[in-house]
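Just so it is clear, none of the values below were taken in a lab; they were calculated from the coordinates. Being a predicted model, the structure only gives us computed values, none of them experimental. We place every Cβ from the backbone using ideal geometry, glycine too, and count neighbours over all the protein chains shown.
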Amino acid sequence: MNGFTASELNELRNQFPALHQSIYGKPLIYLDNAATTQKPQLVIDRITKYYTFENCNIHRGVHYLSQEATAAYEDVRAKVAGFIHAAKSEEVIFTRGTTESINLIASSFGKLLFETGDSVLITGMEHHSNLVPWQQLCKNHNGELLVAELDERGEVSMEQYGKLLEQKPKLVAITHISNALGTVNPIKEMIAMAHANDIPVLIDGAQSVAHMRIDVQELDCDFFVFSGHKMYGPMGVGVLYGKQKWLEQMPPWQFGGEMVDQVSLHETTFNQLPFKFEAGTPNVAGVLGLGAAIDFLQQTDLEKIGLHEMIILNYALEKLKSIPGIRIIGNAAERAGVISFVVEGTHPSDIGTLLDKMGVAVRTGHHCAQPVMTHFNVPGTVRASFAAYNSLAEADIFVEAVQKAVNMLC
Ligand code: PMP
């Protein structure tokens, strides 16, 4: 199977109004997709339609609009469950995004299971959102944050991971794909190893869900979290998938709104799943936009998207490597469409600023993964990250722009 044909790619790009603009008189080359993807017209239209005709609070209305909005919102829950192959819609909780999903688990799962001295096991490549909540939870219980270190390629040492599991952490929390390096972790194997030690596993899927097919039952993960805005959907909405057996036992983390059953002045009983974890008025427009983003991904074919991105990644990597002084940060055998690099004698933000003036949008800095930067002994990197709509022609312009920036700075 190949990536997209030229006409398929053209058709795909035409669905994204933001791609058809010029920056400083140059056509925009958008390579900051790991931070957030652009939105296709059907996502924008779905949000506009909701606010134009359907706007209403959900779950509490007897009138037409409220019932329609409730049904549409719950339809998306079922759609998300199908998309990640959850056993039940009740296992899908809507949140504000990956960060909120992880904080919810850290707070609620922490209350359920953590005692003095308990630990969490993460890897050395985690985004701060999948690091700081566990670091704080461990600190609050006088426990230790266990870290499976990276090697020089940016891969986790599986031997050390296995050894750390023997210390019986209460939870393993690992990213599927590193946003800073592009490393794809062997999560199926890592989950099986943790389960062999009776340890539940959370997967941070922020960087994987828009690039490969996810089947939470096949993976057998206990939790899987992701954000709408990195998968062509809107900001401010995300998902927490959790196995029912955990979500049933976990206490609610925020109070008020639809998460209650009966309330008296001195007692409250809580609603059933999934509502127990959705306090207050939810982001209805965001959820509907997320549903449209899933439609987009399914229509476009996720496997083709993944292949297309790998073709661009390998093409751009090979070309970049021929630029003198360039150092690619992260060379994992299994990697996704992210290239992090530094250029000897230059600062990443100087390269990023020059690229911007040439219409090429990349991200520079530590990418919310400061321990990764420390591991590679760099202040930050320049990061280009690819999405379904990027092309080989854009990769050419990107590499030429890097070459020009290097010539100007060195
Ligand atoms: N984890 C990873 C791997 C990420 O790339 C990101 C976003 N850069 C997050 C977590 C946090 O996602 P959000 O800001 O959407 O909550």
How large is the helix-only mean residue ellipticity at 222 nm for the chain, computed as the sum of -39500 (n - 2.57) over DSSP H runs with n ≥ 4, divided by its residue count, in deg cm²/dmol to the nearest 500?
-12000 deg cm²/dmol
In region 120-173, if every C-alpha pair distance is counted and binned at 10 Å from zero, what percent goes to each bin?
26, 54, 19, 1
Ranking of Lys321, Lys170, Lys304 by count of other Cβ atoms within 10 Å, fewest first:
Lys321, Lys304, Lys170
Note on the chain: contact order normalised by length, alpha-carbon pairs under 8 Å, 6 or more apart, percent, works out to 23 percent
Could you tell me which GluC sites (Glu not before Pro) in region 314-407 are loop residues by DSSP with no more than 16 other beta carbons within 10 angstrom of their beta carbon?
Glu334, Glu344
Pick out, in residue order, every one of the GluC sites (Glu not before Pro) in region 125-182 that is DSSP loop and has at most 12 other C-beta atoms within 10 Å; say none if there are none.
Glu152, Glu166
Springs between alpha-carbon atoms under 10 Å, Gaussian network over the chain: tell me which of His366, His211, His266 tops the mean-square fluctuations.
His266
Taking the number of other C-beta atoms within 10 Å as the exposure measure, put Arg383, Arg213 in order starting with the fewest.
Arg213, Arg383
Sequence of Val287, Val263 once ranked by neighbouring C-beta atoms within 10 Å, starting from the fewest:
Val263, Val287
What pairs from Lys319/Lys404; Lys321/Lys404; Lys26/Lys230; Lys88/Lys188; Lys79/Lys230; Lys88/Lys304 go past 19 Å between their alpha carbons?
Lys26/Lys230; Lys88/Lys188; Lys88/Lys304
Quick one: among Met235, Met193, Met125, which has the greatest mean-square fluctuation in a GNM of the chain with alpha-carbon springs under 10 angstrom?
Met193
In region 15-62, what trypsin sites (Lys or Arg not before Pro) fall in a loop by DSSP, with at most 16 other Cβ atoms inside 10 Å?
Arg60
P(r) tail for region 1-83, what percent of Cα pairs lie past 22 Å?
50 percent
Span-like helices, the chain: DSSP H, alpha-carbon axial extent 20 Å or more, mean Kyte-Doolittle -1.0 or greater, which ones?
64-84, 98-113, 284-300, 302-321, 392-409
Size-normalised alpha-carbon gyration radius of the chain, reference 2.2 N^0.38 Å
1.01
For the peptides 224-232, 253-261, what is the packing order when you average, over each peptide's residues, the other Cβ atoms within 10 Å and list the highest mean first?
224-232, 253-261
Report the residue, chosen from Val80, Val378, Val120, that carries the largest GNM mean-square fluctuation when the chain is represented by alpha-carbon nodes joined by springs under 10 Å.
Val378
Please give every one of the lysines within straight-line cross-link reach of Lys170, meaning a C-alpha to C-alpha distance under 18 Å, and leave out same-chain neighbours fewer than 8 residues apart.
Lys111, Lys139, Lys243, Lys245
Considering only region 44-299, percent of DSSP beta bridges that pair antiparallel, nearest 5
50 percent
